[in-house]
1. Given (1) surrounded by 21 or more Cβ atoms within 10 Å (Cβ to Cβ); (2) over 20 Å from the mean Cα position of the chain (by Cα); (3) part of a loop (DSSP other than H, G, I, E, B), identify the lone condition not met by residue 77.
2. Considering only residues that are part of a helix (DSSP H, G or I), of a type in the set (Asp, Glu) and buried (at least 24 other Cβ atoms within 10 Å of the Cβ), which ones fall in region 94-140?
3. Could you count how many residues in region 286-337 are modelled with pLDDT of 95 or more, outside any helix (DSSP H, G or I) and more than 19 Å from residue 389 (Cα to Cα)?
4. Return the residues of region 275-285 that are part of a helix (DSSP H, G or I) and either touching a helix residue (DSSP H, G or I) at 6+ places or on another chain (Cβ under 9 Å) or closer than 18 Å to residue 380 by Cβ (or both); say none if nothing qualifies.
5. May I ask you to list the residues in region 338-353 that are in a helix (DSSP H, G or I) and out of contact with any helix residue (DSSP H, G or I) (no Cβ under 7 Å at 6 or more places or on another chain)?
6. Looking for whichever is touching a Ser or Thr at 6+ places or on another chain (Cβ under 6 Å) and of a type in the set (Phe, Trp, Tyr) here; the options are 335, 394, 376, 366. Which one fits?
7. How many residues, within region 264-298, are surrounded by fewer than 20 Cβ atoms within 10 Å (Cβ to Cβ) and outside the structural domain of residue 376 (by TED's automatic domain parsing)?
8. Filter region 177-199 down to the residues that are more than 19 Å from residue 68 (Cβ to Cβ) and touching a strand residue (DSSP E or B) at 6+ places or on another chain (Cβ under 6 Å), then identify the one that is surrounded by the fewest Cβ atoms within 10 Å (Cβ to Cβ).
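The values are calculated or read from the model by the stated rules, or taken from the named source; none is laboratory data. Note that this is a predicted model, so its numbers are computed, not measured. In this analysis, Cβ positions are derived from the backbone assuming ideal geometry, glycine residues included, and neighbour counts consider all displayed protein chains.
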Amino acid sequence: MYSKAIRPCIRPLALRRYSVCPVFINGQYIDGESALHFDVVNPRSKQTVGIAQGCSDDLADKAIESSYVSFQTWKHGSPHERRDILLGAVDRLVKTKEEGLELSRTEIDLDPGFASFIYDLGIELFKYCASITTSLDGTIPYSLDKNAIPLVYRQPIGPVLGITPWNAPGVLATRAFLFPIAAGCTSILKTPSAAPASCFHFAKALIESGLPPGVLNVVHGSDTQTPGLINRIIAAPEIRKINYTGSTNIGRKIAVAAAEHVKPVCLELGGKAVSLILEDADLEKAAESVLFGAFLNKGQVCMSTEITLVPRSKIHQFEELLKTMAPLILDTIGFSESGALSSSSHFERFTNLVHSAKSDGARVLFESINSSQLPFVVLSDIPSSTALATDESFGPQLSVLSYDTLEEALKVVNSLEYGLNAAVWSGSTMKAIEVSKEIEAGSVHINGSTVGDMPAVPHGGVKSSGYGRFGGIWGLEEYTVLKSVVLH
């Protein structure tokens, strides 16, 4: 799905520097607390491209109060009203697409094709959430008492804190606040320190489409400000749920903080997606898919294909296909325009993982280094003892492993700490479905890339990839509570 959509979108993007990205609280833009300003730095040029307004304790408390007060009215509003406001944001996003793309290039060096696709997918999320505002149903269960009629229905859970990462603003930022608001909740969006303006761009479209003050508040924080800010909002009794997308390590801390206050959390965390190639698979299509899934957006996608498992009888043929196709895939994704990883520490960690794997005996099938000295690499014979075999790399690499039996392959897949996305390749759909049932992952793609999610489909993981679901009617229900009312 992603590869076909991205190919026509490759083109250079200009940088859009900005002065101060404000916080937005109770209908007001606030950017004057200069003591809390922090720099936003482009990872390729290492230059400051903007300034964001950090959030003080006082501003955080105002955002919390605003969300709670507004919820008392918003929860009683018409689903049709919510639908119309969400649809109103769509026109604004279409008209300001160029600005949004330039912001993502400026702040986080997002690859142009990926940036365009993610932006359009964000627009589709707005449309989809608008379409399901009227979809929360109730039921009348069986009653033992013939003189009683039980009614069960869903109500909005309350104000929600949404914490979003930097790597796909159009999707990850929008879903953090769209599903709660569509369900009748209010939302506080905590943007990432690396991409406050890129994420705020989507929130602003909704704000300017007629959203009442306080329904959506937007706060920013530097890397040093963020832990205290998040903990303060989580601890507030007015906040009833938290959603977070990001690393497993931070997700664990957020889950612990929420548990102290007995608050539910929806977590979409790290992944190490495996593409499992069966004996009867179309090897050429599979090779194209796994390379695309590994290199897209420099591997900075939670669903990136990090490992591919190939039958030993097919391994030589598959490796030759990878060598041939890798340069073509790099052209497809815009290798010449690809920039740096998100930070120097991220770059150092990724290159250390690759270097260690090579030192431990991995064979290099393909390697190409871009203008930011970032290696795009395909490795084979990865020793199970090297860190790259188990740790999420979040960079442009593909590890190729061979297997003798399907049981052996499934053991490799399910021994990983993560369980977000996976893929199975086979000429038999029924066989692939049966294999998919044995894979411990939230989503399994058959004859397709591990990189892919759709607005109407639930997305989330198992094990250390988190719990709860974004997307679909299930993503809407995440922000509701069941209530039973019995008529006597």
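1. Evaluating residue 77 over (1) surrounded by 21 or more Cβ atoms within 10 Å (Cβ to Cβ); (2) over 20 Å from the mean Cα position of the chain (by Cα); (3) part of a loop (DSSP other than H, G, I, E, B) leaves (1) as the failure.
2. Here is the first cut: in region 94-140, the residues part of a helix (DSSP H, G or I) are 94-95, 97-108, 112-131.
After this cut, where a residue has to be of a type in the set (Asp, Glu) as well, the list is 98-99, 102, 107, 120, 124.
107, the sole residue that qualifies.
3. Matching residues across region 286-337 total 0.
4. Narrowing region 275-285 to residues part of a helix (DSSP H, G or I): 283-285.
Across region 275-285, the qualifying residues are 283, 284.
5. Taking region 338-353 as the starting set, the residues that turn out to be in a helix (DSSP H, G or I) are 344-353.
Result: 344, 345, 346, 347, 348, 349, 350, 351, 352.
6. Working: 335 fails: touching a Ser or Thr at 6+ places or on another chain (Cβ under 6 Å); 394 fails: touching a Ser or Thr at 6+ places or on another chain (Cβ under 6 Å); 366 fails: touching a Ser or Thr at 6+ places or on another chain (Cβ under 6 Å).
Of 335, 394, 376, 366, the one residue that is touching a Ser or Thr at 6+ places or on another chain (Cβ under 6 Å) and of a type in the set (Phe, Trp, Tyr) is 376.
7. The total comes to 1.
8. 197
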